[in-house]
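> Can you read through this structure? Questions will come right after.
The values are calculated or read from the model by the stated rules, or taken from the named source; none is laboratory data. What you see is a predicted model; the values in this text were computed from it and never measured. Ligands, DNA and RNA are excluded from the accessible area calculation, which covers all protein heavy atoms including side chains. Shrake-Rupley method; radii C 1.70, N 1.55, O 1.52, S 1.80 Å.
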Amino acid sequence: MSDEENKFPGENNTGHFWDDDLRELDNEPPAWWTIGFHASWIFVIIYTLLYPSWPMIDTHFKGLLGWTSIDEYHKDMKSIESVRAPYENKLKDLSAAEILADDDLSRYVTASGKVLFGDNCAACHGAGGQGNVGFPVLADDDWLYGGTITDIEASITAGRQGIMPGNAAMLDDAKIDSLAASILDGKVIENPAYTEAGCIGCHGADGKGLSFMGSANLTDGIFRFAASDQLSSIKHTIKFGVNDASNPKSRNAVMPSFGGTKLSDTDIKKLAVYVHKLGGGQ
Amino acid sequence: MGFNVSKENESDEKTVAELYEEADHWHVNTGDEIIHAKRMGGKFRDLKWKAMSVWLIFFLGPYLRWDGNQAVLFDIPNRKFQIFDITILPQDVWLLALILLFFAIMLAAVTSVAGRVFCGYFCFQTIWTDIFTKIEEMLEGPPTQRRKLDNAPWDARKIRLKVIKHSSWLAIGFITGFSFTAWFTDSYQLWIDVLTLQASTFIYVMLAVFTAGTYILAGFMREQTCFWLCPYARIQGVMYDTQTVLPTYDIARGEPRGKLTKGNVVEGNGDCISCNQCVAVCPTGIDIRGGQQEGCITCGLCIDACDSVMDKIGKPRGLIRYASMNEMKHLEVKPFHKRPRVMVYAGIIVFAIIGLLYGLTNLGTYDLKVIHERQPLFVQMSSGDIQNKYELKILNKTDKVMNISISVSGAENITTKGIREKMTLQPSKLTSFTVFLLIPKKNLKKSRTPIYFTIESYQEFGDSIEYQSMFYGPKYLD
């Protein structure tokens with residue numbers, strides 16, 4: 001920069017020179033830029049007037065439109081509910097069996113049931129009802145308490161907790177081994193120990209279990225307590241039982257109740273239909 | 001803007017001052033002057049009218065009927081394109097990719113061969129501007145009178161002319177927007193809806209945007225759009241090569257240029273008589289004698305102008321003519337098959353056309369997808385059968401209700417659940433079914449068995465399709 005006299009008088013330069021004639025001019029910014037600049041601050045003022053904006057000591061300016069994000073959320077939810085309403089209203093008055101029989105409704109229920117299933121059931125029974133260690137598969141047709149839509153609905157509403165007493169005191173190891181081996185083969189009813197030990201009382205003469213008490217089918221090769229070493233798993237169950245309070249090594253198998261305050265009747269119906277359609281409903 | 005193709009060593013010797021001096025002559029219109037191009041008849045002007053008429057399809061197409069429906073309807077809300085007898089659903093949208101490929105490469109090929117032919121003869125910006133200026137000329141007269149009128153004070157005549165001009169421009173803008181919109185919704189119904197104020201806000205916004213866009217772009221921005229807005233104008237410029245045929249001023253023949261003296265070309269002068277007609281008729285306001293430049297849309301109107309002047313002064317036509325750089329320099333002019341770029345473009349175009357023809361003749365009547373349930377992959381049933389769950393998604397691509405049967409093959413003793421003998425598919429809808437397959441364990445030889453779902457139609461027009469999926473069983477089967 002130099003302090004020389006302005007060599008370019010009458011020009012709108014700022015008086016700053018470099019290298020003789022390189023100088024800074026004081027031009028107006030382009031029109032489009034000026035328009036954009038003014039449009040911006042006008043926009044800001046209008047926007048902050050319309051929408052919640054300026055902070056105040058203990059509150060904020062609410063905006064002339066009274067817009068809030070939670071209102072918008074509620075509005076959106078209402079529009080979703082208005083789409084769902086015709087279905088939901090029907091579901092209220094129908095039984096789970098009637099819903100299942102209606103193609104249109106059961107398709108709707110399968111879609112919303114998936115979410116309910118994920119929230120309430122999948123933790124134990126797996127996302128697709130494939131079961132887990134200690135938790136039964138819901139996609140097969142082996143049901144402890146019956147696989148009709150009413151049975152499933154009842155299981156969800158009230159929960160299930162079967163009892164099998166431990167037999168360690170009553171049966172010696174040899175008998176337990178032989179029983180376990182014949183259960184694994186699916187031919188337990190041919191084993192005399194089956195009747196002698198009284199298994200027949202709960203599991204039935206055909207060994208297929210009794211759905212009203214939740215006793216397992218011992219002949220179908222599907223195991224309530226599935227394990228990689230199935231034989232020792234069976235032995236363990238015979239020895240220590242299921243939910244046998246007197247026996248600390250007893251199996252723990254409790255399906256909690258979802259009725260009452262946990263889930264609405266409609267939600268339970270939805271879940272019953274959903275589970276029924278997983279693959280093994282009867 | 002380089003012209004006269006100066007030799008390199010020459011430019012090296014130029015001083016900085018000389019370079020700046022050259023830049024002083026560099027004139028680019030950035031919108032501060034309005035181009036009032038003169039209209040003149042001629043070969044290329046006629047050609048332009050003919051090429052422009054292609055756009056009648058844009059205006060009239062939506063009113064064509066076929067089987068009681070709009071012949072061509074791009075029904076975005078219902079996600080289907082109806083083109084005469086063909087229905088294209090989103091599943092076949094790969095065809096659209098080929099159409100885009102076709103036009104993109106077509107543009108490249110044409111540009112490589114004959115420059116910005118699209119810009120000069122087909123581009124909506126050029127065409128609409130041409131129509132707008134035609135109206136302007138009909139109302140206000142030739143360029144000199146137009147300039148005079150622009151500078152004249154406002155009186156009744158000026159107001160009347162301007163009002164008529166601007167309202168006809170706006171009317172064209174509206175028709176343009178309406179015609180565009182009519183490709184996407186029923187055209188006759190659209191007239192009724194728009195005129196009775198029943199149409200959706202969206203449609204009114206569309207019409208407003210198009211009306212305003214057409215009015216501003218063709219009425220005011222004009223050649224400025226080609227200079228500063230249009231990306232194709234820039235892209236096409238770099239697709240030229242020395243073989244590309246463009247309107248070119250024959251420097252060797254024309255220079256040194258000079259006015260006629262007593263009706264004759266001055267001895268020693270070239271054929272260019274500085275009549276400036278080529279500049280006067282140019283819709284983008286450039287001087288083609290400056291060489292090829294960004295503003296040139298290769299419309300050939302300067303050729304018409306120059307030819308008519310050459311006729312008058314008794315010189316041969318073609319002082320400005322469509323020619324390649326090589327032709328002007330008397331270098332080799334290669335035929336198409338010796339220009340790799342043209343051949344590659346042609347190859348891609350042929351590929352796109354074949355793909356389109358194949359696609360359109362093999363659209364099929366439905367589309368089948370089978371999704372195997374992953375959780376669980378399989379289930380052991382009480383009977384000893386293994387059960388797999390599948391989601392069948394069947395798209396009916398026709399506009400008729402279809403009845404189909406589904407069969408499964410791939411293993412012995414397959415039991416199915418969820419398949420009815422006759423299943424109904426709604427037109428242009430995707431229907432999904434859950435299907436369970438049960439196979440006795442003894443019939444499975446491996447943990448994974450390929451399974452085939454076959455769909456057959458009860459109707460004559462439906463074809464049969466097959467989809468291969470997998471049947472999973474326990475790992476110990478392997």
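> From the convex hull of the Cα coordinates of region A:173-240, what is the mean projected area in square nanometres?
Numbers: hull surface 16.6 nm².
Orientation-averaged projected area of the Cα hull: 4.1 nm².
> Quote the relative contact order of chain B in percent (integer), defining contacts as alpha-carbon pairs under 8 Å separated by 6+ residues. Before the final figure, lay out the partial values.
Numbers: 713 pairs, mean separation 71.1, N = 478.
Relative contact order comes out at 15 percent.
> Still on this structure, please answer the following. Over region B:33-237, what relative contact order in percent results from Cα pairs under 8 Å that are six or more residues apart? It would help to have the intermediate numbers written out before the result.
Values: 162 pairs, mean separation 53.5, N = 205.
It rounds to 26 percent for region B:33-237.
> Viscosity 0.692 mPa s, temperature 37 °C: give me the Stokes-Einstein translational D for region B:366-477 in µm²/s, with Rh taken as the Kirkwood radius over C-alpha pairs. It would help to have the intermediate numbers written out before the result.
Working: Rh = 14.6 Å.
The calculation lands on 225 µm²/s.
> What pairs from B:80/B:400; B:422/B:446; B:43/B:165; A:208/B:446 go past 23 Å between their alpha carbons?
Numbers: B:80/B:400 14 Å; B:422/B:446 32 Å; B:43/B:165 28 Å; A:208/B:446 29 Å.
Result: B:422/B:446; B:43/B:165; A:208/B:446 exceed 23 Å.
> Sort largest first and round to whole Å: the equivalent ellipsoid semi-axes of region B:246-332, each the square root of five times a Cα gyration tensor eigenvalue. Provide the component values of the computation, followed by the final result.
Numbers: eigenvalues 84, 50, 24 Å².
Over the Cα atoms of region B:246-332, the ellipsoid semi-axes are 21, 16, 11 Å.
> While we're on this one: Do the sum for the protein assembly as shown: with -39,500 (n - 2.57) for every DSSP H run of n ≥ 4, divided by all residues, what is the mean residue ellipticity at 222 nm, to the nearest 500 deg cm²/dmol? If you can, show how the numbers build up before the last one.
Numbers: 27 runs with 312 residues, N = 760.
After summing the helix terms and dividing by residue count, I get -12500 deg cm²/dmol.
> Once every Cα of chain B carries one equal point scatterer and solvent is ignored, give the base-10 log of I(q)/I(0) from the Debye formula at q = 0.06, 0.10, 0.11, 0.12 Å⁻¹, two decimals.
Results for chain B at q = 0.06, 0.10, 0.11, 0.12 Å⁻¹ read -0.48, -0.93, -1.04, -1.15.
> Interface B/A, total buried accessible area with a 1.4 Å probe, nearest 100 Å²? The partial results should precede the final answer.
On the way: alone 26820 and 17600 Å², together 43410 Å².
Approximately 1000 Å², summed over both chains.
> Please give every one of the lysines within straight-line cross-link reach of residue B:315, meaning a C-alpha to C-alpha distance under 17 Å, and leave out same-chain neighbours fewer than 8 residues apart.
Cα-Cα hits under 17 Å: B:259, B:262.
> I'd like to know how the protein assembly as shown sits against the 2.2 N^0.38 Å rule of thumb: what's its Cα Rg over that expected value? All intermediate terms of the calculation are to be shown ahead of the outcome.
On the way: Rg = 41.5 Å, N = 760, 2.2 N^0.38 = 27.4 Å.
The value comes to 1.52.
> Does anyone have the angle between helix B:43-52 and the longest principal axis of chain B? Alpha-carbon axes, 0 to 90°, nearest 10?
30 degrees
> Per residue, how big is the convex hull around the C-alpha atoms of chain A? Give it to me in cubic angstrom, could you? Intermediate results must be reported in sequence, preceding the final value.
Details: hull volume 94.7 nm³, N = 282.
Normalising the Cα hull of chain A by residue number yields 336 Å³.
> Right, something else. What do you get for the angle between helix A:173-185 and the principal long axis of chain A? Use alpha-carbon atoms, 0 to 90 degrees, nearest ten.
Result, in degrees: 60.
> If I fit a long axis through the Cα atoms of helix A:230-240 and take the longest principal axis of the Cα atoms of chain A, what angle between them do I get, 0 to 90°, rounded to 10?
Between the helix axis and the principal axis of chain A, the angle is about 70 degrees.
> Students sometimes get this wrong: rank B:137, B:33 by accessible area, probe 1.4 Å, all chains present, largest first. Walk me through the intermediate numbers first.
Working: B:137 45, B:33 80 Å².
Ranked from most to least accessible, the order is B:33, B:137.
> Using the C-alpha gyration tensor of region A:2-99, what are the square roots of 5 times its eigenvalues, in whole angstrom, with the largest one first? Working shown, then result.
Details: eigenvalues 893, 64, 24 Å².
Taking √(5λ) for each eigenvalue gives 67, 18, 11 Å, largest first.
> Under 18 Å from the Cα of residue A:277, which lysines turn up, not counting those fewer than eight places away in the same chain?
Excluding near neighbours in sequence, the set is A:114, A:269, B:389, B:393, B:417.
> May I pose another question? Take every Cα pair under 8 Å in region A:173-240 that's 6+ residues apart, average their separations, divide by the length, and report that relative contact order as a whole percent.
Numbers: 71 pairs, mean separation 22.2, N = 68.
This gives 33 percent for region A:173-240.
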